[in-house]
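For reference, the structure discussed in these notes is given below.
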Amino acid sequence: MKISVVIPALNEESHLEKTLQSITKQEGDYEFFVVDGGSSDNTVTIAKRYTTVINSLRGRAIQMNTGAKACSGDILLFLHADTILPDCAFREIRKRMKDVSVAGGSFYIAFDTDTFILRGVSFITRFNFRLFHFGDQGIFVRQTVFQTLQGYKKMSIMEDYDFYKRLGKQGKVILIRMPVISSARRFVRKGVIRQLLMNKLVVLAYWAGVDIQTIKRFYDDTR
């Protein structure tokens, strides 16, 4: 099975190269694209050393949908620009996706900064409970299922959570119990407890039916 990786990016010069290098270490048939939302730093220059860059309107959902249109793989993997794959990630995806009842899934997360609380966050994501799974864990999906779902909804926030919820209606959603390594920069900058509480409040607001634009106004998703 061919795997296509889509990486939405915006001013990610500090983290993108490690992410791209983690892809080049993978096995088998694959392709990958960086979808740039108008970076003003060296993101595009770095990306072009490794792969094709697709220019897009800004917005993670828009960028991921744009990238998906260029993909020819059987499986799509949507990966944040600051998330590093384990070396055997593609092998594990292919092995699990041999089960035709599986629609997609994700990995669990670990962070590049080690604190007790972040270790706790990582531990929670080892359980296949959708309340705790987001795009920074790497979401993979069959190309056919992605088309059925018509991609990501054009939401300014929570597009990954919404997609993962809808994915569960198309078949089994699995968790590969090995970690992707994500940047903890937002937790470090804003405070681990404060950011963690804000993340959970956003999820609760979403579940309560609060308008997405209202959620966006009080949640800073700058990375």
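Rounded to the nearest 5, what % of DSSP beta bridges with both residues in the range 67-176 are antiparallel? Before the final figure, lay out the partial values.
Numbers: 7 of 12 bridges.
The answer is about 60 percent antiparallel.
How big is the antiparallel share of DSSP beta bridges in the chain, given as a percent to the nearest 5? Let's see the in-between values first.
Numbers: 9 of 33 bridges.
Rounded to the nearest five, the antiparallel share is 25 percent.
Of all the accessible heavy-atom surface of the chain, with the other protein chains kept in place and a 1.4 Å probe, what percent is carbon and sulfur? Please report the intermediate quantities before stating the final value.
Working: 5730 of 10510 Å².
The computed percentage sits at 55.
Taking only protein heavy atoms into account and a 1.4 Å probe, give the accessible area per residue of the range 72-152 in Å².
On the way: 3450 Å² over 81 residues.
Per residue, the range 72-152 has an accessible area of 43 Å².
In percent, what relative contact order does the chain have, based on Cα pairs under 8 Å that are 6 or more apart in sequence? Each step should come with its number before you reach the end.
Numbers: 401 pairs, mean separation 48.2, N = 223.
Relative contact order of the chain: 22 percent.
Averaging over all projection directions, find the projected area of the Cα convex hull of the chain and quote it in nm² with one decimal place.
Numbers: hull surface 44.5 nm².
Projected area, direction-averaged: 11.1 nm².
Once whole DSSP H runs in the chain are found, which of them have Cα atoms spread over 18 Å or more along the helix axis and a mean Kyte-Doolittle score of at least -1.0? Present the calculation step by step, with values, prior to reporting the outcome.
Details: long enough: 192-207 (23 Å, 1.15).
Counting only whole DSSP H runs, the qualifying helices are 192-207.
So for the range 1-129, what percent of the C-alpha to C-alpha distances run longer than 23 Å? Could you put the intermediate results ahead of the total?
Details: 2925 of 8256 pairs.
Everything past 23 Å amounts to 35 percent.
Assuming R0 = 22 Å, what is the FRET efficiency of R194 and T214, from their Cβ-Cβ distance, to the nearest 0.05? Mind dumping the intermediate values first?
Details: r = 20 Å, r/R0 = 0.90.
Given R0 = 22 Å and the Cβ-Cβ separation, E is 0.65.
The values are calculated or read from the model by the stated rules, or taken from the named source; none is laboratory data. Everything numeric in this text was worked out from a predicted model, so none of it was measured. Note: ideal-geometry Cβ built from the backbone for every residue, glycine included; neighbour counts use all protein chains shown. Accessible surface areas use protein heavy atoms only, side chains included; no ligands, DNA or RNA. Shrake-Rupley method; radii C 1.70, N 1.55, O 1.52, S 1.80 Å.
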